[in-house]
1. Listed residues 249, 227; which is surrounded by 19 or more Cβ atoms within 10 Å (Cβ to Cβ) and modelled with pLDDT under 90?
2. Just give me the residues in segment 162-174 being open to solvent by 10 Å² or more (accessible area, probe 1.4 Å) and either closer than 16 Å to residue 80 by Cβ or polar (S, T, N, Q) (or both), in sequence order.
3. Given the criteria under 13 Å from the mean Cα position of the chain (by Cα), at pLDDT 95 or above and open to solvent by 50 Å² or more (accessible area, probe 1.4 Å), does residue 177 qualify?
4. Mind listing whichever residues of segment 184-195 are among the aliphatic types (A, V, I, L, M) and touching a Leu at 6+ places or on another chain (Cβ under 6 Å)?
5. Being at pLDDT below 95 and at positive phi narrows it down to one residue among 111, 132; which is it?
6. State which residue is most open to solvent (accessible area, probe 1.4 Å) when the search covers only segment 180-196 and only residues that are of a type outside the set (A, V, I, L, M, F, W, C) and within 13 Å of residue 96 (Cβ to Cβ).
7. Of the conditions (1) free of Cβ contacts under 8 Å to residues at least 12 places away in the same chain; (2) part of a helix (DSSP H, G or I); (3) more than 24 Å from residue 148 (Cα to Cα), residue 234 satisfies every one except a single condition; which number is it?
8. Scan (1) open to solvent by less than 20 Å² (accessible area, probe 1.4 Å); (2) more than 17 Å from residue 80 (Cβ to Cβ) for the single condition residue 199 breaks and write down its number.
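The values are calculated or read from the model by the stated rules, or taken from the named source; none is laboratory data. Quantities reported herein were computed from a predicted structural model and do not represent experimental measurements. Cβ coordinates were reconstructed from backbone atoms using ideal geometry, including for glycine residues, and neighbour counts include every protein chain displayed. Protein only, heavy atoms only, side chains kept; ligands, DNA and RNA dropped before computing areas. Shrake-Rupley method; radii C 1.70, N 1.55, O 1.52, S 1.80 Å.
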Amino acid sequence: MALLLRFNQLRNSIWSSCPARLLMPHAGLSSGKLPDPKSYERRLFSTRVQETASLDRTCISGIQPLEFQQTSEHEQSVPLLIFDIKTTGFLQKRNRITEFAVHDLWAGKNNTFETLLNPEMDVPNYIAAVSNINNDLVCRPDVPRFSDVLPLLLAFVRSRQTPGKPVIWVAHNVKRFDGPFLAQEFDRCSAQIPEDWLFVDTYCLARKLPKLLPSEDKRHLHDLGSLCKRYGISVEGPPHRAMQEVMKLCQVFQKMSFDLKLTYEGLMDEAIEASYFSKFLK
């Protein structure tokens, strides 16, 4: 595999000279010069965009676009990005992200971003056994580093963002895992997570669900696997890979939103700012 960055048909009007190699569905490979991470200056990236035509709302990979109970005219204008990462280990500064996947639950065109990442370190055998991501897959010169992919990720978000509106990122255990890892990778690029990115932790939402059966192991009832069993959700594909986890969480989040009668305002109340993760950089 010459490169393992899959970026589902990012609209041609964005960044026509994207500085990374792309693997698009039904389209072959294209290559370009990768930026030197040392060329980054410390700055706060902005995800403001110009007005664009509204996207067609379609169903991708069996995931239905999410609709909240209508309580505000501003509800559907905020991207809702379900994401997951795979890493070289637990949350420690030396560990790195090896895979990143995101799906925009508002649907529309080009709503999926997925890539393997070169961690620039060995993947421990015990991690490879769980994630199915090993050195042969990611520790290669043709697999992009996070610094190579960052410009594309920002462009993807800009392509979906409404001017003046935030972006909501949703992950399971984002407060203690996905968010801190993302902040660390931005920091290695001498950058910061955009301040208009907000984060919602579905683990926290799961704790508010009605209990099904008495159990001493309360935490176990809130992990993603248990939530999938609760809702009868199964997803085809390699187990424990980022996009498969995203597809699971998309469906779980929809079910949870219904059970919790979650409104847009309620979701915003659950959101935390990117600055929350700064404490993990010390």
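1. From the options 249, 227, the qualifying one is 227.
2. 162, 165, 166, 172, 173
3. Judged against the criteria, residue 177 is a match.
4. The answer is none; no residue qualifies.
5. 132
6. That would be 188.
7. Every listed condition holds for residue 234 apart from (2).
8. (2)
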